[in-house]
Amino acid sequence: MATNKHVIATDQAPKAIGPYTQAVVYNGLVYLSGQIPLDPATMQVVEGGIAEQTVRVLENLKAVLEAAGSSLGQVLKTTVFLKDMGEFTLMNEVYAKYFNDTPPARATVEVARLPRDVKVEIECIAVVG
């Protein structure tokens, strides 16, 4: 049986650090794994607070989307995982700059812990093309 499932990998975003891929394209949609604020060049967590970490996460998502033939403007849904919901407003201010015209659907949840003890992780689903 033929499949149109394609794995996406780019060195413009952090390499997968486990048994997963940066993204998978299937039937005209791209499903992105959650990105944390790792600098793709060093694979280290960026310095700073929630605002700096949110910028890095969104830049990582943008790079993976572009590698898949998509863009932030084609994002349908995001899920934001926050270590502290008290930092929602600061995260949201950065997020709004990346999704200003037609923001996607979104869920935001507070979690007990994230990989490498970061403050934020975001995943998304987008249209390709």
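We did not get these values from a lab; they are worked out from the coordinates using the rules stated. What you see is a predicted model; the values in this text were computed from it and never measured. Quick reminder, even Gly has a Cβ in these numbers, built from the backbone with ideal geometry, and neighbours come from all protein chains shown.
Output wanted: per-residue J couplings in Hz (rounded whole) for segment 42-54, from phi through Karplus 6.51 cos²θ - 1.76 cosθ + 1.60, θ = phi - 60°, x for Gly and Pro.
10, 6, 10, 5, 5, 7, x, x, 4, 5, 5, 5, 5
Using R₀ = 30 Å, calculate the FRET efficiency as 1/(1 + (r/R₀)^6) where r is the Cβ-Cβ separation of Lys15 and Leu76; round to 0.05.
Result of the calculation: an efficiency of 0.75.
What does the charge count near Asp117 come to, summing +1 for each Lys or Arg and -1 for each Asp or Glu among other residues with Cβ under 13 Å from its Cβ?
Around Asp117, the surrounding residues sum to +2.
Among 68-75, 110-117, 89-96, what's the highest-first ranking by average C-beta atoms within 10 angstrom per residue?
Per-residue Cβ counts within 10 Å, averaged per peptide and sorted highest first, yield 68-75, 89-96, 110-117.
Note down the net charge around Leu82, summing +1 for each Lys or Arg and -1 for each Asp or Glu among other residues with Cβ under 9 Å from its Cβ.
-2
Once both axes come from the Cα atoms, what is the angle between helix 88-98 and the longest principal axis of the chain, in degrees from 0 to 90, rounded to 10?
For 88-98 against the chain, the angle is about 40 degrees.
Enumerate lysine pairs in segment 6-127 that are 8 or more residues apart or on different chains, then count those whose Cα atoms are under 16 Å apart.
4
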